[in-house]
1. Apply the Karplus curve 6.51 cos²θ - 1.76 cosθ + 1.60, θ = phi - 60°, to the phi angles in the range 79-92 and return the couplings in whole Hz, x for Gly and Pro.
2. Within a Cβ distance under 14 Å of LEU40, other residues only, what is the Lys/Arg minus Asp/Glu net charge?
3. Tell me, how many Å apart are the Cα centres for the range 39-61 and for the range 80-95?
Amino acid sequence: MSRTEAEFSEALAVVLRDLRAQCSVRPEVREDEDGPGVVLYAPDGSGQGVWAEPDVRPGVLTAEVADQVQGWAVEALWAAGEPAVWPRCPAHPDTHPLEAAVERGTAVWRCPRGTATTVPVGELPSTE
């Protein structure tokens, strides 16, 4: 496994930890046969590719992966008939999800309304 593949795999594992902690829909993760990355499959059979270019800036790769997994989760939740909000903003539940960003070299989930809500990617508390 190359360094790039290892960095991507590590970032994906961290984001999937958050998905397991707070999302009721679980993906089937398969290697992408057509290129780098993986494909996340929802229970309805739909799939979405996830990949990111290497980046030397700390946190950027993880934030990009988090953003793509979030897109998959929102679509999968909607298809399952559940509220399409993941991860939920603790300051504004059921109104909008947190957004993936990089703050001081760390990938975080933060409130898009600018409140002080930030959680490092990979550290969302379990809701189960």
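All of the numbers you see were taken from the coordinates with simple rules; none came from a lab. It should be emphasised that the depicted structure is a prediction, and the values quoted were computed from it without experimental measurement. So basically every Cβ, Gly included, is an ideal-geometry build from the backbone, and we count neighbours across all protein chains shown.
1. 5, 7, x, 10, x, 8, 10, 8, x, 5, 6, x, 7, 9
2. Values: positive: ARG20, ARG26, ARG30; negative: ASP18, GLU28, GLU31, ASP32, ASP44, ASP67, GLU75.
In short, -4.
3. 21
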